[in-house]
Every structure is written in structure tokens, then in C-alpha cells.
1. Compute the label zone of residue 163 within region 8-29: residues whose backbone N is under 13 Å from the point 7 Å along Cα-to-Cβ.
2. Under a crude label model (7 Å from the Cα following the beta-carbon direction), how far is residue 45 from residue 96 in nanometres?
3. For 192, 32, what's the fewest-to-most ordering of other Cβ within 10 Å of each Cβ?
4. Can you tell me the orientation of helix 235-252 relative to the chain, as the angle in degrees between its alpha-carbon axis and the longest Cα principal axis, to the nearest 10?
5. For the ranges 131-140, 218-227, 237-246, what's the packing order if you count other beta-carbon atoms within 10 Å of each residue, average per peptide, and put the highest first?
6. Using only the alpha-carbon atoms, how far is helix 40-53 inclined from the longest principal axis of the chain? Give it as 0 to 90 degrees, nearest 10.
7. Calculate the spin-label point distance for residue 224 paired with residue 12, positioning each point 7 Å from the Cα along the beta-carbon direction, and give it in nanometres.
8. May I ask for the distance between the Cα centers of region 171-185 and region 218-251, given as a whole number of Å?
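No value in this document is a laboratory result; all are computed from the given coordinates. Quantities reported herein were computed from a predicted structural model and do not represent experimental measurements. All Cβ positions, even for glycine, are placed from backbone atoms using ideal geometry, and neighbour counts span all protein chains on display.
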């Protein structure tokens, strides 16, 4: 896209919104300015604009987003959206396996979680909807990366950074490409303590009309599951659920798949 076709003030406004992560909900102007690399007066004017629109508020020098900001994402979570369609099938997987089930989509080198159903025994470091996780360190991330053309995949991994989350995290490009090639061939992955110590996960792609539209994951702990149980028991249930989700999503959104 030509830079002249972009609105810089809008880009800056979006960056300020993104400064509020799932763990940091109250921030000062200085903290936001440092995160988005903008001057404090610019950040202050953006925040005052959001306050005027009802999307942000300040208390004791700290800024917070208001519930009204959820309006921005309401269109994505419509009845025909991937998250809404997935919930019933995810709940069935959780009931049958006891894993925590989630749906993720790829954004650069991150996975954004757009739907999640917890078991009655929640995991530590629980992921919330909207949270980002590094794709290279997660089963669902590798499943989503495997859908990319090899040239694009290599370019993204080379651009990095690929930080080590645990000693088990693959951070070198060559081994990651080999692992993702295996995932691409078999359409599933299992991750053992690559993101958090003591946590394991399995994931499969969600295909709709031959295109990967998301990844379905089942997460648990090393106390409850191991590589064999994930591979033999959880993966088949995830694949069955993903097939139903993909079919339902395709039927609910025919306009997205017209040739």
C-alpha cells in the first residue's frame, strides 16, 4: 500500500488502543508514549479524543478503556463469526477430554485467541480472548504457520524475533521450518512445555473450503496429559470438531468463499 493512502493520525490512534494489553489495563500517558514511540502531547490528545467519544477514561492520572470499546469488535463476534460458531463444538471437546479449548488466528508471528472454553479446573497463566501468544512457541501457532507458503513462512520467521519462552521453545529458523513441515503434512501438532513449564497442548487447523481460517487447540497440564494421550485421544476429537466448525463457518459465510 502506498504511504499516501494511509491516515497517519488513525494509525497512531490504533497503536494507542493496542497499548492496553490483557495484563496492563491502567496506564499513564508516559507509559503509553514509551510503548508506541509517540510524543506525550500526541498521546494525550489521542486519549482525550477517546474520552470524548466514550472509549477511555482517566482516574488519578491513569487511563483505562471503557466497556464501550467492545463496540469496535462487535462486528467480528457476530452470529456468523468463527468464534460464535466454534463455541458449541469446543464445549463438547472440553466435556469429553477435560482440556481447555481455544480458537486462534494468525497475525504476523502472533496467535490472537478469539474464543475459549475452560475446563472446570482452569490452567495457570490462563489466556483470555484477545491475548496474543508467540506462534513459534505454541501448537496452534505452528498449525497456522504451516498454512503459509514456504517463502512467506521463511521470511516471517527470519524477521523474528523468536524468543525462548522455556528451554523447550524452538527459536532457530531451520529446526522450526522442519517442525512446521511435519505439521503441514499431518495437519496437527503437539507442544510439550514450549510456552509455559508444566503446560501441554495439541492443535489442528480449521479448514473451510480448503482454506485454513483458524486453529483449534486443546491445552492442559503435564499432570493431566502427556504427548501420547494428546496424540491418541485429544487430536482425533479436535480434528472432528474442527471439521464441523469449518463446515458450519463455510455455510454461514458463503460470500467469503465465492470464486
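1. Counting backbone N atoms under 13 Å from the label point, the list is empty.
2. Reported label-point gap for residue 45 and residue 96 is 5.7 nm.
3. On the way: 192 17, 32 22.
Least to most surrounded, the residues fall as 192, 32.
4. Here the helix axis deviates by roughly 60 degrees.
5. Values: 131-140: 23.4, 218-227: 18.4, 237-246: 21.0.
Highest-to-lowest ranking by the protection proxy: 131-140, 237-246, 218-227.
6. In the chain, helix 40-53 runs at an angle near 80 degrees to the longest axis.
7. Each label point is offset 7 Å from its Cα along the Cβ direction, giving 4.7 nm.
8. 21
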